[in-house]
Amino acid sequence: MSERLIRGRVLTFVAEPQGIDDTASYRYFEDGAVFVRGGKVVDAGDYADISKLAGADVEVADHRPNLVLPGLIDTHLHFPQTQAIASYGAQLLEWLNTYIFVEEQKFANTVHAAAVADRFMDELLSNGTTTAVAYCSVHPESVDAYFSAAEARGMRMIGGKVMMDRNAPDALRDTPQQGYDETKALIEKWHGRGRALYAISPRFAITSTPEQMEMSQALVAEHPSCYVQTHLSENQDEIAFATSLYPEAKDYTDIYARYGLLNERMLLGHCIHLSDREISVLAETGSVGVFCPTSNLFLGSGLFDRDRFDKLGARWSVATDVGGGTSFSMLETMDEAYKVLHLRGQKLTPFNSFYRMTLGNARALGLEEKIGSLHAGADADIVVLDSSAKPAMEYRMRVAKSLMEELFILQTMGDDRCVAEVYVAGKAMKAKGVKRAAAPSRSPEPA
Ligand code: GUN
Ligand code: FE
């Protein structure tokens, strides 16, 4: 069984940090190590102790002075939108119609879907993300491409076929029965195969008829161990349109509640413009509101109100929402999260940011026994971060005085260049060459 000692400055959380430097919320080992065997963490701690446990013959990957953390987790993004990031000039509904529903049609082609899936997984890994929850396109083959690419890399990935049967181009619509049958077959094929987990994925209330919502309800009832994902309250025009399609519902949240879709495995993208009543319904059902800061800024959607989620006891997670989101990097995502909350008069501490990207998101997925921290028995999904990867960061780091300051520099200035290595189930993915496209040799000519 393959064994390895991963040496560096080890940081892992055990609880949600309260206040600016809640030292009880994390374990930090300045000269630390993680002992990995057969894809699992045997133990993590001081190098002196862990190296004794590992024995003299063990292979050592020495990452000093870099930080060693659990792999980062992204709780909402769109795999078919990998090449549609940075589409100009529109808010949500116009953006979907102009760019996204055009792009997603390309995934009828299985060769294209497979190529993008490979690129998507490699992009996640080069950003230090080892688990993500993604929407695939309406085509079942796109789900096969997605989980096949994840399986080839050994990654724990969650995803599902988008269901939509109205307000989308013909080529992207299924029917309630087809959405049900295809989802069911995909669950049977992929849910629990290796590290794959399935998410039942009605896109949002606008693109599903009441009949499709009923089919989604049946799928959720028949497959209680599957995740459920959709979008909620992202944009004012979206809210008006959705609620006009379901006039019997009290509000947007009530549409999903009426179809029995709200539970502790439900991930609701955005949740920006919710009333207290709606957030309380999320709290009562254990549903998770997903904060997507780069997307919410890019599409001009609005500012997530974290404090109201906390006050009303509702769960929340963080995500990139690529391609409405503008970066695969969870570091860049937390940088924007900090700024969004700042505009709301709310603070996001550096320790809380790093908690959120790791254990916090793992808890939102109910996967904290397996991922998000480096406890004994956890899956050995690990990221190594270099806080001085860019010249400006190295210069800034010369005067940094604490771990807290370093984490804030990493999140504020960092990106994929800071990911020195990433391990998936104990295997070094970067050393093997995380594939990168060659940079263009020169800038495009001016138009
Ligand atoms: N609402 C419904 N579909 C989408 C999507 O693809 N991206 C975003 N940001 N919002 C959505
Ligand atoms: Fe989304």
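The values are calculated or read from the model by the stated rules, or taken from the named source; none is laboratory data. Please read all numbers here as calculations on a predicted model, not as lab measurements. For neighbour counting, all protein chains shown are included, and Cβ atoms are generated from backbone atoms with ideal geometry for every residue, glycine included.
So which residues in the range 64-74 are outside any loop (DSSP other than H, G, I, E, B) and buried (at least 21 other Cβ atoms within 10 Å of the Cβ), if there are any at all?
Going residue by residue through the range 64-74, those that are outside any loop (DSSP other than H, G, I, E, B) are 64-70, 72-74.
Result: Asn66, Leu67, Val68, Leu69, Pro70, Leu72, Ile73, Asp74.
Give the residue, chosen from Ala84, Ala115, Ala15, Ala56, that is surrounded by fewer than 21 Cβ atoms within 10 Å (Cβ to Cβ), within 16 Å of ligand 2 (Cβ to nearest atom) and either part of a loop (DSSP other than H, G, I, E, B) or free of Cβ contacts under 8 Å to residues at least 24 places away in the same chain (or both). Can you show your working first?
Numbers: Ala115 fails: within 16 Å of ligand 2 (Cβ to nearest atom); Ala15 fails: within 16 Å of ligand 2 (Cβ to nearest atom); Ala56 fails: within 16 Å of ligand 2 (Cβ to nearest atom).
Just a single option satisfies the conditions, and that option is Ala84.
Conditions: (1) touching a helix residue (DSSP H, G or I) at 6+ places or on another chain (Cβ under 6 Å); (2) within 16 Å of ligand 1 (Cβ to nearest atom); (3) aliphatic (A, V, I, L, M). Met215 meets all but one. Number of the miss?
Among (1) touching a helix residue (DSSP H, G or I) at 6+ places or on another chain (Cβ under 6 Å); (2) within 16 Å of ligand 1 (Cβ to nearest atom); (3) aliphatic (A, V, I, L, M), the lone unmet condition for Met215 is (2).
Please specify each residue of the range 327-352 satisfying the condition of being in a helix (DSSP H, G or I) and over 24 Å from Phe120 (Cβ atoms).
Correct list: Tyr338, Lys339, Val340, Leu341, His342, Leu343, Pro350, Phe351, Asn352.
Here is a list of conditions, (1) under 20 Å from the mean Cα position of the chain (by Cα); (2) outside any strand (DSSP E or B); (3) among the hydrophobic types (A, V, I, L, M, F, W, C), and Leu77 meets all of them except one; can you say which number that is?
It is condition (2) that Leu77 fails.
I need the full set of residues from the range 309-325 which are more than 11 Å from ligand 1 (Cβ to nearest atom) and either closer than 26 Å to Phe101 by Cβ or not in a loop (DSSP other than H, G, I, E, B) (or both), in order please.
Once the filter is applied, which keeps residues that are more than 11 Å from ligand 1 (Cβ to nearest atom) and either closer than 26 Å to Phe101 by Cβ or not in a loop (DSSP other than H, G, I, E, B) (or both), the range 309-325 yields Phe309, Asp310, Lys311, Arg315, Trp316, Ser317, Val318.
Name the residue, out of Glu248, Glu284, that is more than 15 Å from ligand 1 (Cβ to nearest atom), surrounded by fewer than 18 Cβ atoms within 10 Å (Cβ to Cβ), part of a loop (DSSP other than H, G, I, E, B) and among the acidic types (Asp, Glu).
One residue alone meets the criteria, Glu248.
Here are Leu274, Leu261: which of them is part of a loop (DSSP other than H, G, I, E, B) and farther than 17 Å from Val162 by Cβ? Quick ask: steps written out before the conclusion?
Values: Leu261 fails: farther than 17 Å from Val162 by Cβ.
Going through Leu274, Leu261 in turn, just one is part of a loop (DSSP other than H, G, I, E, B) and farther than 17 Å from Val162 by Cβ: Leu274.
Residue by residue through the range 207-233, note down the ones that are within 13 Å of ligand 2 (Cβ to nearest atom) and not in a strand (DSSP E or B).
Selection gives Thr207, Ser233.
Tell me the residue from Ile255, Ile200 that is part of a strand (DSSP E or B), within 16 Å of ligand 1 (Cβ to nearest atom), of a type in the set (A, V, I, L, M, F, W, C) and surrounded by 17 or more Cβ atoms within 10 Å (Cβ to Cβ), please. Walk me through how you get there before you give the answer.
Details: Ile255 fails: part of a strand (DSSP E or B).
Exactly one of Ile255, Ile200 is part of a strand (DSSP E or B), within 16 Å of ligand 1 (Cβ to nearest atom), of a type in the set (A, V, I, L, M, F, W, C) and surrounded by 17 or more Cβ atoms within 10 Å (Cβ to Cβ), namely Ile200.
Within the range 326-347, how many residues turn out to be small (Gly, Ala, Ser) and away from ligand 1 (no atom under 16 Å from the Cβ)?
2
Scan Glu30, Glu104 and give me the residue that is farther than 29 Å from Ile409 by Cα and among the charged types (D, E, K, R).
Going through Glu30, Glu104 in turn, just one is farther than 29 Å from Ile409 by Cα and among the charged types (D, E, K, R): Glu104.
Looking at Ala90, is it among the small types (Gly, Ala, Ser), at pLDDT 95 or above and either in contact with an Asp or Glu (Cβ under 7 Å, 6 or more places away or on another chain) or in a loop (DSSP other than H, G, I, E, B) (or both)? Give the steps one after another, and end with the answer.
Details: among the small types (Gly, Ala, Ser): yes; at pLDDT 95 or above: yes; either in contact with an Asp or Glu (Cβ under 7 Å, 6 or more places away or on another chain) or in a loop (DSSP other than H, G, I, E, B) (or both): yes.
Judged against the criteria, Ala90 is a match.
What tally of residues in the range 296-330 results from selecting those that are out of contact with any strand residue (DSSP E or B) (no Cβ under 8 Å at 6 or more places or on another chain) and aliphatic (A, V, I, L, M)?
Total satisfying the criteria: 4.
Answer yes or no as to whether Asp276 is under 25 Å from Trp95 (Cα atoms), acidic (Asp, Glu) and out of contact with any strand residue (DSSP E or B) (no Cβ under 6 Å at 6 or more places or on another chain).
no
Kindly establish whether Tyr99 is among the aromatic types (Phe, Trp, Tyr), surrounded by fewer than 22 Cβ atoms within 10 Å (Cβ to Cβ) and within 15 Å of ligand 1 (Cβ to nearest atom).
Answer is yes for this residue.
Yes or no, residue by residue, for (1) more than 21 Å from Ala362 (Cα to Cα); (2) away from ligand 2 (no atom under 16 Å from the Cβ):
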residue	(1), (2)
Leu93	yes, no
Val102	yes, yes
Thr110	yes, yes
Tyr135	no, no
Val138	yes, no
Tyr146	no, no
Glu151	no, yes
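Regarding Asp43, is this residue closer than 20 Å to Met334 by Cα, assigned to a strand (DSSP E or B) and in contact (Cβ under 8 Å) with a residue 40 or more places away in the chain? Don't jump to the end; show me each part of the working.
Details: closer than 20 Å to Met334 by Cα: no; assigned to a strand (DSSP E or B): yes; in contact (Cβ under 8 Å) with a residue 40 or more places away in the chain: yes.
The answer is no for Asp43.
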